[in-house]
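Report on the structure given below.
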Amino acid sequence: GIEFIDSYVFNKAEYIRFNSTVGRYVGYTELGLKNAEAWNKGPQLGQEQGELERFCKRNAEIYYRAILDKT
């Protein structure tokens, strides 16, 4: 399967991440935890879930073929 991860980093530290396998945002700092709670209830969650369909699944076959062609 395909896993889409969107990480948010501030000062070289990841503070929040969307993971399509988990299906929601997960916070890693105090700010990240607060943002994750809000973003999981807002339009951001649907936008991230849409990226998996719009970009990842649509382009996976193209990238996979390109990798195989190089081997």
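The values are calculated or read from the model by the stated rules, or taken from the named source; none is laboratory data. Remember, it's a predicted structure, so these values are computed and weren't measured experimentally. Glycine also receives a Cβ, built like all others from the backbone with ideal geometry; neighbour counts cover every protein chain displayed. For accessibility, only protein heavy atoms count, side chains too; no ligands or nucleic acids. Shrake-Rupley method; radii C 1.70, N 1.55, O 1.52, S 1.80 Å.
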Checklist line | In order through the stretch 62-70: 3J(HN,Hα) via Karplus (6.51 cos²θ - 1.76 cosθ + 1.60), integer Hz, x for Gly, Pro | finding: 4, 5, 4, 4, 4, 5, 5, 5, 8
Check: By accessible area of protein heavy atoms, probe 1.4 Å, what ranking do Asp69, Asp6 get, highest first?
Finding: Asp69, Asp6
Notebook entry, point to check: Relative contact order (percent) for the chain, with alpha-carbon contacts under 8 angstrom and 6 or more residues of separation?
Noted result: 22 percent
Note to self: Can you show me the helix-derived [θ] at 222 nm for the chain, built from DSSP H runs with n ≥ 4 at -39,500 (n - 2.57) apiece and divided by the number of residues, rounded to the nearest 500.
What the structure shows: -13500 deg cm²/dmol
Checklist line | Total charge dipole magnitude, the chain, about the Cα centre, Cβ charges on Lys, Arg, Asp, Glu only, Debye to nearest 20 | finding: 60 debye
Check: Modelled label-to-label distance, Arg24 and Phe4, 7 Å Cα→beta-carbon offset: nm?
Finding: 1.8 nm
Check: Taking only Cα atoms, what is the 0 to 90° angle, nearest 10, from helix 30-39's long axis to the longest principal axis of the chain?
Finding: 70 degrees
Check: How many nm is it between the label spots at Arg58 and Leu45, if each spot is 7 Å from the Cα in line with the beta carbon?
Finding: 2.4 nm
Notebook entry, point to check: Using modelled amide H (1.01 Å from N, peptide plane; none on Pro or chain starts), what sits under 5 Å from the amide H of Arg24, excluding residues fewer than 5 places away?
Noted result: Asn19
